[in-house]
Amino acid sequence: MKPIAPKPGPRRFHQARWDEPIIFELSQPGQHGVLLPAVEAEIEQQVGNPAGALPEPLRRTVPPALPEMSQIHVLRHYARLSQENLGVDLNIDIGQGTCTMKYSPKVNDQLARSPKLTELHPLQDDATVQGMLEITYRMEQIFKEISGLERVTFQPSAGSAAIFANICMLRAYHESRGQGRQRNQVVTTIFSHPSNAAAAKVAGYEVITLYPDEDGYIQPEALRAIVSERTAGLIITNPEDTGIFNPRIAEMVDLVHQTGGLCIYDQANANGLLGITRAREAGFDACQFNLHKTFSTPHGCGGPGGAACCVNAKLAPFLPVPTVEFDGQKYYLDFDRPQSIGKVRPFYGVAQSILRAYAWIMSLGADGLREVSEVAVLNNNYLLQKVLEIRRVSAPYAKGKRRIEQVRYSWEQLTRETGVTSEEIETRVADFGMHYWTSHHPFVVPEPMTLEPTESYSKADLDEYVAVLRQIADEAYTNPQIIKTAPHNSTIHRIQHEPLDNPAEWAVTWRAYLRKTGKKA
Amino acid sequence: MPYKKPLVYPYIPNSVPEVKAEMLKAVGAQSVEELYAEIPESLRLKGRLNLPDPLLSEAELIRHVDGLLNKNCSGRETLSFLGAGCYQHQVPAVCDEINSRGEFLTAYAGDPYEDHGRFQALFEYESMMGELLNMDVVNVPTYDGFQAAATALRMACRITGRNLVLLPTNMGADKFSYVELYLRPDIAIQRIPFDPQTGLLDIAALETNLDAQVAAVYFENPTYLGLLETQANQISAAAHAAGALAVVGVNPISLGVIRPAVEYGADIVCGDIQPLGIHMSYGGGHGGFIATNDDPKFVMEFPSRLFGIAPTAVEGEYGFGDVAYERTSFALREKGKEWVGTAAALWGITAGVYLALMGPQGMVEIGEGLMQRCRYLMQKLAAIPGLRLPFYETPHFTEFVVNFDATGRTAAQVNQALLERDIFGGKDLSAEFPSLGQSLLVCVSEVHTQADLDRLADTLQEVLQ
């Protein structure tokens, strides 16, 4: 046999295409996927069938029209759907900027699947959950060190819920000082996550959004012009989603403090900063970390995630209940916190994420966490260098400055010259088995692309991603149709989006689809 | 033997020194330190983080974490009657198999062109929940049932243009705490008491409080205390007569036998999907659903993502996408509806797997079996001298209140005695519902055999002697 030729340029990917029906179309009357334990005859004799005896207005008379399927058919259907999905396990997942798509170690999943965790009821006596309480307590000590702040709760469900929890603590703080009504504004920035603005609005605040100057920075002078005795607080990311670190952040924190406001650090973008700089050094009163981002717990198609809210002594009295305490002999839940904002989730948080994040931190230690950040930043600056070698792509703002862990790029010039937009590039990238993301709205950076390479990818991975972008940029000039008609190698072809915005046509369920299209079940 | 320095971390491919050097050269830097030039010295952490020494190998890590987990005693090793919002149902193996698959577990927010599978699986989840609830619109899961209730009430306020909601006093204190936090400061809450005889909503008090200010009446069926709200039709009708919406919290696992809330007048239905094939995980298994009819006035008020079905360029192919995306905070920041973010999508997929495995008959059977076991245990406990089941005559689903006042024991003492006999008793209600005295909220599950139920009854009899 002569040697097989080396593989050419970008990977000849094709995603799984099972052409899988909607699950209702797989239904076979009479089948079922599981059997239930039978109710003992004696119980039946004694109580009859209370469900059947319910008064008519409460009793369901027609069983729900769920599919009827044997077990293997349910398994096969979902296994096929899973193959039509790209997780971190499968792809060079650096295209979902701001999402911190890093490797979630399998050993941590294995630990989180232990029945010693999965079968714990949250209302068990503290004596029977000492292990989980100890893990949570240890995690608090770890996050106190990572943030430099005084207390930590892991109760919020994920990042945005933690943002809301921090804002609620901020609100409770001002109310406790009789300034709840007076301080009715929260300041954030356009390159901070939309939830900073949206959660503040839900909490009753007027939201003031600062825009960057022409070099991409929020200047303390801009903040000075709007802070007043009405300012409840500042909530801000740093680096922002542009990857630019604002070196004057401490001045801004001081400004807000001088007017009596507090400052919350949204640390969704912390992956480049572990052991480098902390909320404490810049003077923040609170911060939040997303366990499913920086701390490696899997993203689960959009949750469950996990979060840590870290606060200083000013805000600690307002933490959600319960906190986890240690009396020198045993760990216990402390509900006796009179100034607490109460609950932000049922029970105490996403325990399996807390456990996974704990295992991840313990497998790295202080040096390892710093290595995570340093390599994430090195990867990002390497990627920046390589992406800028592609024609017609730019990295607006902060020219000549280093970026931290991600960059928001712009294809503006390419779009002007070829008509190919960033959203079209996004679809074309799918043909190569990778994700790609533009930006949150509004698009402040024209034709945006946000890449965040984290520490989990090799130089060769980064080079492969860049090669794909380079090929697509070339196509924009030589064969734009291939981009405009993409995807070609995906599970599906181009979606017709109009029905999704038309109330007469949209269908959020199969039953609505059947009704609106007149299709027979 | 100590690892050689510098260490190459298995999770960090580019921690190889030669690779780092090559990459630094490519970016024109002498050291990684140069890449942090934008962070002023005054903001730098001095020294290194003070953290425990790492456990670098899997063997060391597993030994350590297992050592901690082994200090837990799970419901699988004991007999547990705890419920109160988190339920010990059997989780079919296929549910775990699917949600453990890396393709789903490690994916996030990709487009339908890379993540078609997630869109379809979540559309199917919405669709199966739609059948269970007899409603056309169900969201991609929000965090949990607390959030679902809180958002449903905010939606009701936006829909009606009013800002007062009526909440029953028979809901759980924790859920009330979150709803109150979430509705402040612009939405007022009025509490409606429950009837001490039946445990159900006090209709007279409801009617007294209903007026043109009220946006929504919230009630639960089954209630937090396990009761089926036999006046559901009346409550909804009263709400509607005042121009308010009926927002109903339900337990989805009850819906094989209990009538869907829309059929007794609910306008928005909400709840938690944890009972549907998701492990308790010490409270880590929650996901929230919100459902409405397909009325744009309602649909446009959802903050959550709603995955809809759409044609593609190819005949006979299903595509999916976001329905009415422009309402979300992703599109509009603070001008969107509340906010949307990472919540509980994997549990949505899992609940879909569960419903497909159960099918129509499975959902009927589980509902019937739960109600039979519940009634059986109620009868057993009611026969024990000194125990009182305050709402005995009201239909129950899977939980019930049992009172110990006549025994001279506190609920905590009873639980402690049960714990000493390897039984997790019920949720102690004495702080949460002082009016119920020393009571436990006891929960049954299909995992309980008759012998398990008898054991609780026998043990209680023994410890109360």
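Evaluated against (1) crowded, with 22+ Cβ neighbours inside 10 Å; (2) facing another protein chain (nearest Cβ under 9 Å), B:T350 falls short on exactly one condition, (2).
Answer with yes or no whether A:I482 is in contact with a His (Cβ under 8 Å, 6 or more places away or on another chain) and either within 11 Å of B:I309 (Cβ to Cβ) or at the interface with chain B (Cβ under 7 Å from one of its Cβ atoms) (or both). I'd like the intermediate steps shown before the answer.
Numbers: in contact with a His (Cβ under 8 Å, 6 or more places away or on another chain): yes; either within 11 Å of B:I309 (Cβ to Cβ) or at the interface with chain B (Cβ under 7 Å from one of its Cβ atoms) (or both): no.
Considered against the rule, which asks whether it is in contact with a His (Cβ under 8 Å, 6 or more places away or on another chain) and either within 11 Å of B:I309 (Cβ to Cβ) or at the interface with chain B (Cβ under 7 Å from one of its Cβ atoms) (or both), A:I482 comes out as no.
Residues in segment A:73-129 that are under 30 Å from A:A467 (Cα atoms), among the acidic types (D, E) and either surrounded by 19 or more Cβ atoms within 10 Å (Cβ to Cβ) or more than 7 Å from chain B (Cβ to nearest Cβ) (or both): A:E84, A:D93.
Between B:G316, B:G336, B:G265, B:G341, the distinction of being of a type outside the set (A, V, I, L, M, F, W, C), within 26 Å of A:N290 (Cα to Cα) and out of contact with any Gly (no Cβ under 7 Å at 6 or more places or on another chain) belongs to B:G336 only. Residues in segment B:10-58 that are closer than 18 Å to A:Y382 by Cβ and loosely packed, with under 13 Cβ neighbours inside 10 Å: B:P17, B:E18, B:A21, B:K25, B:G28, B:Q30, B:S31, B:E33, B:A37. For B:L51, the conditions (1) touching a Leu at 6+ places or on another chain (Cβ under 8 Å); (2) of a type in the set (A, V, I, L, M); (3) not in a loop (DSSP other than H, G, I, E, B) are fulfilled apart from (3).
Name the residues in segment A:366-393 that are outside any helix (DSSP H, G or I), surrounded by fewer than 18 Cβ atoms within 10 Å (Cβ to Cβ) and of a type outside the set (D, E, K, R), would you? Scanning segment A:366-393 gives a single hit, A:L388.
Would it be correct to say that B:S435 is surrounded by fewer than 22 Cβ atoms within 10 Å (Cβ to Cβ) and either out of contact with any strand residue (DSSP E or B) (no Cβ under 6 Å at 6 or more places or on another chain) or closer than 24 Å to B:H279 by Cα (or both)?
Working: surrounded by fewer than 22 Cβ atoms within 10 Å (Cβ to Cβ): yes; either out of contact with any strand residue (DSSP E or B) (no Cβ under 6 Å at 6 or more places or on another chain) or closer than 24 Å to B:H279 by Cα (or both): yes.
It is true that B:S435 is surrounded by fewer than 22 Cβ atoms within 10 Å (Cβ to Cβ) and either out of contact with any strand residue (DSSP E or B) (no Cβ under 6 Å at 6 or more places or on another chain) or closer than 24 Å to B:H279 by Cα (or both).
If we keep just the residues of segment B:4-25 that are over 20 Å from A:K102 (Cβ atoms) and of a type in the set (K, R), which is farthest from the other protein chains (Cβ to nearest Cβ)? That would be B:K4.
You will find that of B:A261, B:A237, the residue that is free of Cβ contacts under 8 Å to residues at least 60 places away in the same chain and hydrophobic (A, V, I, L, M, F, W, C) is B:A237 and no other. Checking each residue in segment A:394-410 for being crowded, with 19+ Cβ neighbours inside 10 Å and among the charged types (D, E, K, R) picks out A:R402, A:R403, A:E405, A:R408. A residue that is at the interface with another protein chain (Cβ under 7 Å from one of its Cβ atoms), among the small types (G, A, S) and farther than 21 Å from B:F320 by Cβ occurs somewhere in segment A:25-33. In summary, helices (runs of 4 or more DSSP H) completely within segment A:217-296 and bearing 2 or more residues that are in the same structural domain as A:R151 (by TED's automatic domain parsing) and touching a residue at least 40 places away in the same chain (Cβ under 8 Å) occur at A:279-282. Remark: pairs (first residue in segment A:505-521, modelled with pLDDT under 95; second residue among the aliphatic types (A, V, I, L, M); Cβ separation under 7 Å; 6+ apart in sequence or on different chains) = A:A521/A:L514. Residues in segment B:415-461 that are closer than 27 Å to B:F176 by Cα, of a type in the set (A, V, I, L, M) and not in a loop (DSSP other than H, G, I, E, B): B:L436, B:L440, B:L441, B:V442. Being within 26 Å of B:A84 (Cα to Cα), assigned to a loop (DSSP other than H, G, I, E, B) and within 12 Å of chain A (Cβ to nearest Cβ) is true for just one of B:T223, B:T230. Which residue is that? Only one candidate passes the filter, namely B:T230.
Considering segment B:184-196 alone, what residues qualify as being part of a loop (DSSP other than H, G, I, E, B), touching a residue at least 12 places away in the same chain (Cβ under 8 Å) and over 30 Å from A:A199 (Cα atoms)? Lay out the reasoning, then the answer.
First, pick out the residues of segment B:184-196 that are part of a loop (DSSP other than H, G, I, E, B): B:184-187, B:193, B:195-196.
From the residues that got through so far, the ones that are touching a residue at least 12 places away in the same chain (Cβ under 8 Å) too are B:186-187, B:193, B:196.
Listed by number, the residues that qualify are B:P193, B:P196.
Identification of strands (runs of 3 or more DSSP E) wholly contained in segment A:305-357 with 2 or more residues that are over 28 Å from the mean Cα position of the chain (by Cα) and over 11 Å from A:A165 (Cα atoms) yields A:323-326, A:331-334. Restricting attention to segment B:333-347, the residues that are surrounded by fewer than 24 Cβ atoms within 10 Å (Cβ to Cβ) and either more than 7 Å from every other protein chain (Cβ to nearest Cβ) or closer than 21 Å to A:T491 by Cβ (or both) total 2.
Do you know which residues across segment B:403-414 are assigned to a loop (DSSP other than H, G, I, E, B) and not hydroxyl-bearing (S, T, Y)?
Start the filter on segment B:403-414 by keeping residues that are assigned to a loop (DSSP other than H, G, I, E, B), which leaves B:404, B:408-410.
Of everything in segment B:403-414, those that are assigned to a loop (DSSP other than H, G, I, E, B) and not hydroxyl-bearing (S, T, Y) turn out to be B:F404, B:G408, B:R409.
From the list B:L389, B:L453, the one residue that fits, being closer than 17 Å to B:A84 by Cα and either under 29 Å from the mean Cα position of the chain (by Cα) or aliphatic (A, V, I, L, M) (or both), is B:L389. Using the structure shown, decide if B:T410 is more than 20 Å from the chain's Cα centre (by Cα), modelled with pLDDT of 95 or more and not assigned by TED's automatic domain parsing to the domain that holds B:G277. Yes, satisfied.
If only residues of segment B:309-326 that are in contact with a Phe, Trp or Tyr (Cβ under 6 Å, 6 or more places away or on another chain) and facing chain A (nearest Cβ under 7 Å) are counted, the one that is surrounded by the fewest Cβ atoms within 10 Å (Cβ to Cβ) is B:V323.
Criterion first (at pLDDT 95 or above and either of a type in the set (G, A, S) or part of a helix (DSSP H, G or I) (or both)) does B:V91 satisfy it? Before you say what the answer is, go through the steps one by one.
Values: at pLDDT 95 or above: yes; either of a type in the set (G, A, S) or part of a helix (DSSP H, G or I) (or both): no.
Answer is no for this residue.
When A:E56 is tested against (1) of a type in the set (D, E); (2) over 13 Å from B:Q361 (Cβ atoms); (3) within 7 Å of another protein chain (Cβ to nearest Cβ), only condition (3) is not met. Restricting B:E126, B:E180, B:E207, B:E103 to those that are without any contact (Cβ under 8 Å) to a residue 24 or more places away in the chain, in a helix (DSSP H, G or I) and either within 17 Å of the chain's Cα centre (by Cα) or farther than 29 Å from A:S296 by Cα (or both) reduces the list to B:E180. Considering only residues of segment A:167-194 that are at pLDDT below 95 and in contact with a Ser or Thr (Cβ under 6 Å, 6 or more places away or on another chain), which is surrounded by the most Cβ atoms within 10 Å (Cβ to Cβ)? Selected residue: A:F191.
Of the residues B:T350, B:T398, B:T394, only one is within 26 Å of the chain's Cα centre (by Cα) and either in the same structural domain as B:D195 (by TED's automatic domain parsing) or at pLDDT below 95 (or both); which? Of the residues listed, the single one that is within 26 Å of the chain's Cα centre (by Cα) and either in the same structural domain as B:D195 (by TED's automatic domain parsing) or at pLDDT below 95 (or both) is B:T350.
The values are calculated or read from the model by the stated rules, or taken from the named source; none is laboratory data. Everything numeric here is computed off the predicted structure, so don't read it as measured data. Because the Cβ atoms are built from the backbone with ideal geometry, glycine has one as well, and the counts that use them run over all protein chains shown.
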